[in-house]
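Heads up, the thing below is written out as structure tokens.
All of the numbers you see were taken from the coordinates with simple rules; none came from a lab. Quantities reported herein were computed from a predicted structural model and do not represent experimental measurements. We place every Cβ from the backbone using ideal geometry, glycine too, and count neighbours over all the protein chains shown.
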Amino acid sequence: MSSVHILNGLTAPVDSKPQRNARNILILNLMPNRAVTEQQFVQAFAATGIPVNLTFCLPATHHIRQHEAELRAKYRSFDQVRKQYFDALIVTGAPLDRVAFNTVDYWPELQDILAWRHDHTRGSLFICWGAYAAGKIDGIFTGKQIDRKITGVFTTDGYTMPQSRYFIIPQESVKRGSVIAGNSELGATIVTEPISHSTYVAGHFEYLTGTLADEYNRDRHKNGAKAPRPVNYFAADLRPRNSWQADAKRFYTEWLNAIPKQTRTNKEETINV
């Protein structure tokens, strides 16, 4: 029996039901290839062996260019989960790190969601652009845009993970919490804020082996030879190498175990299970 139950989304089994005694995780999926992102998180959590129920959500105010009707039917909106309680919230990355925050169509709603989480979740994880945006909203740090993409697999303070971004989190800009990993070249790559049990990760532990290669091929199709090649990633035969799998398992296991356990009221049990 799988330890990961997808309760909705593009890849959810028919009539999927939550498992008891599992962590209930709400994932605000902002990535354009949502089905792939769902499977990335399934793989990441399955490796931990810790039971989780995954609910996928979309901002109601986001304009979706393709297949909007199907996505709205498969995903929850924030209004549909507003009254529910979850063990944790995850906000994914998004291809928005080259635009201003106030030009993002769902920026006000994202601020609302991040405020909501303080009373409806016990922990939060923000990934790539999600971390960049949440750090700004929460007042944890001030990231900055950069001209050349950081792409490849990097190790900082014992954590190896893929990076794919046009921003940096200067370590000296972190106002609250702790920089768990980072360096002067990449900036802070993992920041934790213990009071709100929030973790901000600049990279992508959840990426599959070929994800960076897919992104590189997409960038080459768009930008030709100007597309930066991911470093520390391709083997001599040009095949992608997954050197972060063990650290991904360690990170997600530690993150799940660090979420404070809650004793739900009967009302909350009815909402979630």
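Give the peptides 169-178, 151-160, 130-139 in descending order of average Cβ contacts within 10 Å, highest first.
130-139, 151-160, 169-178
Given the options Q66, Q245, Q84, state which has the largest fluctuation in a GNM of the chain using a 10 Å cut-off (strictly under) for Cα springs.
Q66
Classify the chain: rounded, prolate or oblate, from the alpha-carbon gyration tensor (a ≥ b ≥ c, eigenvalue square roots; a/c under 1.5 rounded; otherwise prolate if a/b is larger than b/c)?
Rounded, since a/c falls under 1.5.
Once every DSSP H run of n ≥ 4 in the chain is given -39500 (n - 2.57) and the sum is divided by its residues, what mean residue ellipticity at 222 nm do you get, rounded to the nearest 500 deg cm²/dmol?
Helix contribution divided over all residues of the chain: -9000 deg cm²/dmol.
I want the local charge near M161. Using Cβ-Cβ distances under 13 Å, sum +1 for each Lys or Arg and -1 for each Asp or Glu among the other residues.
0
Can you give me the relative contact order of the chain as a percent, contacts being Cα pairs under 8 Å and 6 or more apart?
Contact order relative to length: 18 percent.
R34: net charge of surrounding residues, Cβ under 15 Å, Lys/Arg +1, Asp/Glu -1, itself excluded?
-1
In the structure shown, do any of K136/K261; K17/K249; K149/K226; K74/K222 have a Cα-Cα gap over 19 Å, and if so which?
Listed pairs above 19 Å: K136/K261; K17/K249; K74/K222.
Using 0.36 nm per residue, how much length does the chain from E254 to R98 gain when fully extended, once their Cα-Cα distance is taken away?
53.0 nm
For every other residue with a beta carbon closer than 12 angstrom to the beta carbon of A88, add +1 if it is Lys or Arg and -1 if Asp or Glu, then tell me the sum.
With Lys, Arg at +1 and Asp, Glu at -1, the neighbours total +3.
FRET efficiency for N183 and Q145, Cβ-Cβ distance as r, R0 = 22 Å, nearest 0.05?
The formula returns an efficiency of 0.70 here.
Can you tell me which of S184, S77, S124 moves the most in a GNM of the chain? Springs connect C-alpha atoms under 10 Å apart.
S184
FRET efficiency for D79 and S16, Cβ-Cβ distance as r, R0 = 25 Å, nearest 0.05?
After rounding to 0.05, the efficiency reads 0.70.
Fully extended, how many nm does the chain gain between K261 and Q171 (0.36 nm per residue separation, minus their Cα-Cα distance)?
29.3 nm
If the elastic network links every pair of Cα atoms under 10 Å, which of R229, R82, R122 fluctuates the most in the Gaussian network model of the chain?
R82
Averaging sequence separations of C-alpha pairs under 8 Å and six or more residues apart, then dividing by the length of the range 132-273, give the relative contact order as a whole percent.
Normalised by residue count, the contact order of the range 132-273 is 21 percent.
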